[in-house]
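Beneath this line is the structure, given in structure tokens, with notes to follow.
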Amino acid sequence: MNRIRWWLFLLFLLPTQASPKVIRGPYLQLATPNSMVIRWRTDQLCPGMVRFGLTPATATNRTSHSGELSEHVVRLSGLKPDTRYFYEVGRATNLWFTSFGVTNSFVTPPPIGPAQSTRVWVLGDSGTANRHQAAVRDAYYAWSFDRRTDLWLMLGDNAYSTGTDKQYQKAVFDMYPTMLRTSPLWPTLGNHDAGSANSPTQSGVYYDIFTLPTLGQAGGLPSGTEAYYSFDYANIHFICLDSHDTDRSPNGAMAQWLKADLESTARDWIICFFHHPPYTKGSHDSDSLTDSSGRLVQMRENIVPILEAGGVDLVLAGHSHDYERSYLISGAYGFSTNMIAANFVDHGDGRQNGTGAYQKPAGNEPHAGAVYIVAGSSGQTSGGPLNHRAMFLSLNKLGSLVLDVNGLELDATFLTDRGSIRDYFTLKKR
């Protein structure tokens, strides 16, 4: 008997396997009016399950993935458009990691096509994981307050300096935990992210941690790759391009897909985003054939003509660590010194309380003008001459960009790290 008690005592002292813990997320990906992908990471292998519903009390729907994983990816389907859902992630029934609440809910996108008031938060070169990035974040949170962020974009260099998993943890997942679990993130690849990722093989950290459309699941044409893709939100068509690690030639696969995608969309607005800006005189120079191995020149000469022929309205980029905003321009495919008066569709400030909003014909009329923005100061500023002829305004200021789309009107606001508005303009379709 004493021997049995002794063995029981020893078994009691033996270490036991701790329960799995969430060490990343949850975070929202690939949002459509009828589905949402929820991802999270645990510190050990285990099953993954999501329960969800219209209220915490009625959240009886359950969806799971097969097998035991540490990287959990669960797609919720059969959802209603423009509807708030509460959710909780776990490893089995009654073994949940999170609690229902305002930070554990999302609103599905509205039906594609009809206009709906939409807010988009745009961050460029944000991945410094320092106090500057945190200040830009906090300024937006305070300014936006109780206005929901419908979706947000990252313009590349999301995690310095080589886009490792550890750097992404600090610069993205530890920096924006609330936004990640309530609003879907749509990123593009920057040159620093490419330090740990490869677009031709769709491998590495960037491609491991994001779930992006390859088959046109969220609108637009299938691209067959997560390196570049498109999606729709209400009356807006978004196009994400890979300016760093994918062929940028005019006859390449990305350019050919872009042409077809632009031809296929019937949305009121077209917004394109990628990392290397076609126009900049900041910490990078778009007139230089050697800056970034010519990527800025190639995007301007090869890709911008396709975008403008397809009726693009707004082009967003980072790379230069500053804020630069152009006039309404068209046809400027050469160096800045070669810009002529005809390139300026509207040489005003684009402000309704100034020279007036920029006006464009309704629909996607070719070469009707676009506004080009460099918004690469969400984590640092690096100066530069800031004197590109295409630009109405250039600032060496930390901040982020906010887009508000209401019907046939688009308002853009540059918000600094201190919560002040340093630029704004309006685009109108008529």
Identify all residues within segment 371-390 that are part of a strand (DSSP E or B) and out of contact with any helix residue (DSSP H, G or I) (no Cβ under 9 Å at 6 or more places or on another chain); write none if there are none.
371, 373, 374, 375
Could you check, for segment 200-208, whether at least one of its residues is surrounded by fewer than 19 Cβ atoms within 10 Å (Cβ to Cβ) and within 29 Å of residue 98 (Cβ to Cβ)?
yes
Those residues of segment 253-264 which are surrounded by fewer than 21 Cβ atoms within 10 Å (Cβ to Cβ) and in contact (Cβ under 8 Å) with a residue 40 or more places away in the chain, in sequence order:
255, 259, 263, 264
Can you name the residue in segment 136-173 that is within 13 Å of residue 197 (Cα to Cα) and of a type in the set (D, E, K, R) and is also farthest from the chain's Cα centre (by Cα) among such residues?
165
Please go through segment 35-61 and give me each residue that is loosely packed, with under 14 Cβ neighbours inside 10 Å and either among the charged types (D, E, K, R) or within 21 Å of residue 186 (Cβ to Cβ) (or both), ordered by number.
43
For segment 148-160, does any single residue satisfy the condition of being in contact with a helix residue (DSSP H, G or I) (Cβ under 8 Å, 6 or more places away or on another chain), aliphatic (A, V, I, L, M) and on the phi > 0 side of the Ramachandran plot?
no
Might you let me know whether segment 411-430 holds any residue that is out of contact with any Cys (no Cβ under 8 Å at 6 or more places or on another chain) and modelled with pLDDT under 95?
yes
Of the conditions (1) of a type in the set (Gly, Ala, Ser); (2) over 30 Å from residue 18 (Cβ atoms); (3) surrounded by 14 or more Cβ atoms within 10 Å (Cβ to Cβ), residue 78 fails just one. Which one is it?
(3)
Taking the condition of being among the aliphatic types (A, V, I, L, M) and out of contact with any Gly (no Cβ under 9 Å at 6 or more places or on another chain), how many residues in segment 140-151 meet it?
1
Could you say whether any residue in segment 166-173 is touching a helix residue (DSSP H, G or I) at 6+ places or on another chain (Cβ under 9 Å), under 20 Å from residue 244 (Cα atoms) and surrounded by 20 or more Cβ atoms within 10 Å (Cβ to Cβ)?
yes
Hey, can you tell me all the residues within segment 391-430 that are among the polar types (S, T, N, Q), within 12 Å of residue 322 (Cα to Cα) and in a strand (DSSP E or B)?
394, 400, 416
Within segment 373-413, the residues that are closer than 21 Å to residue 426 by Cα and among the β-branched types (Val, Ile, Thr) are 373, 374, 402, 405, 413
Strands (runs of 3 or more DSSP E) wholly inside segment 284-370 containing at least 2 residues that are within 21 Å of the chain's Cα centre (by Cα) and either outside the structural domain of residue 421 (by TED's automatic domain parsing) or modelled with pLDDT of 95 or more (or both):
314-317, 323-326
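The values are calculated or read from the model by the stated rules, or taken from the named source; none is laboratory data. Quick caveat: nothing in here was measured; it's all calculated off a predicted structure. All Cβ positions, glycine included, derive from the backbone under ideal geometry; neighbour counts span all protein chains shown.
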